[in-house]
Every structure is written in C-alpha cells, then in structure tokens.
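Okay, structure first, notes after.
The values are calculated or read from the model by the stated rules, or taken from the named source; none is laboratory data. None of the values given here were measured: they were computed from a predicted structure. All Cβ positions, even for glycine, are placed from backbone atoms using ideal geometry, and neighbour counts span all protein chains on display.
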Amino acid sequence: MKIKLLILSIALITSVNIAYAGTDTRMLDLDQVKLQNAFLKENSEAGLSTSDLGSCKINVYTELDNGTIIEGVVTVTADEINWFTCGLIKLYGVFSDKY
Amino acid sequence: MKKILFVAFMLLGINAYSQTEQADLYLEYAVIQNGKQKVGKFYKIKNEGLYFYENSDSSHVKETQEDNAYGTVYSVELKSSHEVHGMVKTNLDSEELLSSERIFNKGEYREFVVKEKLSNIDWKLLTDSKEIAGFKCRKATANFKGRNYEVWYTIEIPILMGPWKLHGLPGAIVEAYDIDNYIHFSLAKVSTDKQSIAHEELNEDNAISCAEYLALKADQGLEMSKHIQSKLPRGAQFNVTKTTNNWLEKDCN
C-alpha cells in the first residue's frame, strides 16, 4: 500500500513539474534573443547558479542584423523567482538564434 | 469563399507593387560586411541602378533563360522582400537614391524606404593603377557616409553607379573597401546579356529621410530593451548596459 502511494505521489509531482515547466516556457518566450553564457562573474561551469541573496543575473548580448549591438543584464529577484526560472531563461538562450 | 477572396486580394496587392524591367548590364559582387560574406547583385536598367542582396538558400528567387527572336533573355524574379534585402535604387535622371532598410521597431523588424538626394561624392582620383581580374584599374578615395573608402575602378566598364550607394566614378568599381575593413566589395561577375528583372517596387509614399532613418536606428536599443522586458516573467528586470552602433552608414553625407 505504501509503495503504491509512493508511486502515485512521484507520478503526481512529476506531472505538476511538467505542467509548471510548460507554463513557464511559454511565459519565457524570448523570441530569438540571444542570451550569452556570461552569467554572474563568479559563475559556475554550467552558467547557472544563485547568489547568496537568492537573486541571479544573466548577461544578454543581442546583435541586430544592421550592426546595432545591445548588451544588458536580466536581473531576477529573490522574492519572485528562483533558480528554476533562471535556468529556464538560460536554457532558452542555448536554443535561441542570433536576432 | 473568404479564403479565395483573401488570396485574390493578396495577389492583386503583390502585383501592384511588383515591376518588370530590362537590364542591360549585370555586375555581381562578393561582399564581406562586418565579417559576414554575402553576394551583392547590381543591374543597370537604362539610367537606373538596382542593387540588392539575396539569401543564398532563398527559394524565392527564380532565374530562367529563354531563347526568342531577339536572342537569349535571362529572367530574374524576386518574390519576397525577406529573401531579397538591402535594395538600393539609384536614379541618375532624378538624382535620387531609394533604399530599403530593416530596422527593429515596435517589437519587430520593419522595412523602411529611405529617400535621399544623390550626393556628389568628393572622389579624389589618384594616379595609382593596377590590373584586377583582367581590368585596368585606377584608384580613388573618398569619405562617404562617415567612412573613408579606397576604391579601384575601371573605365573599361563605363558605368557611374554601384555597388550599393557608391556612385560618381567614371567607371565600374572593381574593388572597394573602407579603411576600417568594415565592408569590402569585389567584382566577381560581369554580364552584358539582356536580362528581364522582376522586383518589388520600393514604395515612396511613406519614405523617410536619411536623418529620420539614422534616428530610428539609434532608437533600436530602447526598442529592443522594451521588447526583451515584455517577454520576461514577473520579477525579472532587463537593463541595457551598453549599446554599440556598428553601422555601415555613420552619417548622411
């Protein structure tokens, strides 16, 4: 009985996570904005981490085809968001093309 | 029924903005702009020059060859402004220059037609000479649109315009580059075969000036900033730290 409950719980948690990921992916539809790997200067190898305060920063490098280059920083605050959202923004950058 | 009407309306719209002309000279340029290679095509149509780039994987450019009573006629049909870009139309009669420019504006790339008066480029004709691709060439230098150009031209092809917005030399440009090596044009092909060319007309109705064009380009940083911010989830903030304008045209002169 306990095993059945455990399996059911795992299945539920997994489905909730998938739904959550799906929702956030749509929210984070960044079109073709290129997010470069520069992510916090004291970055981990994977380029994903949270600072001690629980916020994260992602450096953005966007090159338009007419020669304008825009550099900036996406800051994700601790109150609203977590490592997971940072990861999604970052992951989107991996798959995105140059604008 | 609505779909049929919509398609018919779209076709009418496309026809209204397309034009077929006879070109008597074709020059093809290998272009390297900001490290990226592309092919520039220039057609001389009477006293007009038509220059554009096309994507190499384009399926929208149709080239055909047909023999008739007057000889062989080559036809080029350009169907999409997305596959054909950077169009420049130089008119020596009206002394006007029209160009199609892509600018990031209101959340997307938009095409703008820029109308300028054909300026007299202050070429310094030098005595240096050399042979390039079988053409006897002479050197000229000038500042144009904020960049210093060195150009090799040949009077063996007597044409006053092209490639791009360059014009005013007594012969075709065989090689041209700016001293910062941002752009480099090399003549790769010459054809004097009669050619029929169909292309989308540059609509002058909403044309903007060169100054307006540069101002819109300067606003792209802010426009992109707004766009990125609009796509981010709650709690994420985007701030621009640096904008670099690495433009081919730095000014309007």
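Across segment B:72-113, which residue is modelled with the lowest pLDDT among those that are of a type in the set (Val, Ile, Thr) and buried (at least 19 other Cβ atoms within 10 Å of the Cβ)?
Checked segment B:72-113; the qualifying residue modelled with the lowest pLDDT is B:VAL76.
Just checking, which of B:GLU212, B:GLU249 is within 30 Å of A:VAL60 (Cα to Cα), buried (at least 18 other Cβ atoms within 10 Å of the Cβ), at pLDDT 90 or above and more than 7 Å from chain A (Cβ to nearest Cβ)?
B:GLU249
Can you spot a residue in segment B:120-135 that is within 14 Å of chain A (Cβ to nearest Cβ) and under 15 Å from B:ASP251 (Cα atoms)?
No, that holds for no residue.
Quickly run through segment B:165-204 and pick out the residues that are crowded, with 20+ Cβ neighbours inside 10 Å, out of contact with any Leu (no Cβ under 8 Å at 6 or more places or on another chain) and outside any strand (DSSP E or B).
The one that is crowded, with 20+ Cβ neighbours inside 10 Å, out of contact with any Leu (no Cβ under 8 Å at 6 or more places or on another chain) and outside any strand (DSSP E or B): B:LEU166.
Of all residues in segment B:215-246, which are at the interface with chain A (Cβ under 7 Å from one of its Cβ atoms) and in a loop (DSSP other than H, G, I, E, B)?
B:LEU232, B:PRO233, B:ARG234, B:GLY235, B:ASN246, listed by residue number.
Kindly list, by first and then second residue, each pair from a residue in segment A:46-71 that is at the interface with chain B (Cβ under 7 Å from one of its Cβ atoms) and within 30 Å of B:LYS36 (Cα to Cα) to a residue that is at pLDDT 50 or above and in a loop (DSSP other than H, G, I, E, B), limited to pairs with Cβ atoms under 6 Å and residues at least 6 apart or on different chains.
Close Cβ pairs satisfying both conditions: A:GLY67/B:ASN246; A:GLY67/B:TRP247.
Cβ contacts < 8 Å: first residue touching a residue at least 24 places away in the same chain (Cβ under 8 Å), restricted to segment B:188-217; second residue surrounded by 13 or more Cβ atoms within 10 Å (Cβ to Cβ) and part of a helix (DSSP H, G or I), any location; separation 6+ or different chain. Result?
B:ILE208/B:LEU216
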